[in-house]
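Throughout, read-outs are computed from the coordinates displayed, never taken from laboratory work. No experiment lies behind these values; they were computed from the predicted model shown. Cβ: placed from backbone, ideal geometry, glycine included. Neighbour counts: every protein chain shown.
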Amino acid sequence: MTGDKSWLELQDRVCVVTGAASGIGASVAERLTQVGARVAMLDRDAQGLHKVQVKLQDQGAQVMALSCDISDAQGVQAAAEKVQATWGAPYALINNAGLLRSGGLADVSLDDWNAVLAVNLTGYLLCARAFGAAMRDAGEGCIVNIASISGLFPQSHSGAYSASKAGVLQMSRQLAVEWGPQGVRSNAICPGMIRTALSAKFYEEPGFEAKRSAVTASRRIGEPHDIADVAIFLASPRSGYVNGAELVVDGGMSCMLMDMVPRPGYNQTA
């Protein structure tokens, strides 16, 4: 990232990122440090989190790594208390940690269903409560909830994933309505196809990336930084009048439906 890092007005502000050990979360944490924020990173992957911490500290960043399962209410509260005791009240929370366990609705196990909801939906609420309390007391703050395009369009055989992300969207709106009068904004991002550790194996299949790229208007697969750049804007004072919004960041995939209908002589649908 280049340019004036003070433009986003996040210099020395305390920002919390969940699921920061890899993928989108790690990219969000890095982007935040590049604009001068102090970043508390949460993930239950302690080893992966340590690697990100060392990398960012080597770049001169102010970061804190906290091993935490966001589905554990006590663990989340302890992390929030640690952040506040060290740096003071957080200004931004980026809810990003996620879990996917496949299965059709006819046969997905209840254990898998509940495990996904516990992280993807309840975990977001626990983090919003724990870190948002200080924001509400301070009269300012923002929450960015990483949902998914799967929360808008059902993704079959993905267990509770789509349902959990749809829940995130509604919860994000509700947080905006309930906490907006106290100075706390809540917005959501719906990523499309992003190349992360969860999807990396798919792209090893010959021709797979080309097929996926063909159904996006931008004709490419998204990278974690594509989501991170949107997230840090929503986390900044520069988006101060954006509240209760949902931004679809999918390279135009969601507007491709009619173009995927073959029309000889009109389109070049693969």
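So if R0 is 45 Å, what FRET efficiency would Glu223 and Gln182 give, r being the distance between their Cβ atoms, rounded to the nearest 0.05? Walk me through the numbers on the way to the answer.
Details: r = 35 Å, r/R0 = 0.78.
The computed FRET efficiency comes out at 0.80.
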Legend entry - Sequence ranges 248-259, 63-74, 32-43, ranked by mean other-Cβ count within 10 angstrom, highest first: 32-43, 63-74, 248-259
Inset, instruction - Please list the non-local residues whose amide H lies under 5 Å from the amide H of Met64, H modeled 1.01 Å from N, same-chain partners needing a gap of 5 or more. - result: Val39, Ala40, Met41
Inset, instruction - Would you list, by chain and number, the aspartates and glutamates whose Cα falls below 18 Å from the Cα of Lys201, excluding same-chain residues fewer than 8 positions away? - result: Glu209, Glu223
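List every DSSP H helix in the chain whose Cα atoms extend 27 Å or more along the helix's own long axis and whose mean Kyte-Doolittle hydropathy is at least 1.6. It would help to have the intermediate numbers written out before the result.
Numbers: long enough: none.
Passing helices, by number: none.
If the limit is 24 Å between Cα atoms, which of Lys55/Lys82; Lys82/Lys165; Lys55/Lys165 go over it?
On the way: Lys55/Lys82 22 Å; Lys82/Lys165 28 Å; Lys55/Lys165 30 Å.
Violating the 24 Å limit, Cα to Cα: Lys82/Lys165; Lys55/Lys165.
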Legend entry - For the chain, with +1 on Lys and Arg beta carbons and -1 on Asp and Glu, the positive-most of Gln77, Ser254, Gln174 along the dipole: Ser254
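Strictly greater than 30 Å: what percent of every Cα pair in the chain meets that?
28 percent
With +1 on each Lys and Arg Cβ and -1 on each Asp and Glu Cβ, and nothing else charged, work out how big the dipole of the chain is about its Cα centre, in Debye to the nearest 20.
Values: 22 positive and 25 negative charges, 68 e Å.
For this selection, approximately 320 debye.
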Legend entry - Computed label-point distance, nm, for sites Val54 and Tyr241 using a 7 Å Cα→Cβ extension: 4.7 nm
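Ranking request for peptides 155-161, 15-21: highest mean number of other beta-carbon atoms within 10 Å first, then the rest in descending order.
15-21, 155-161
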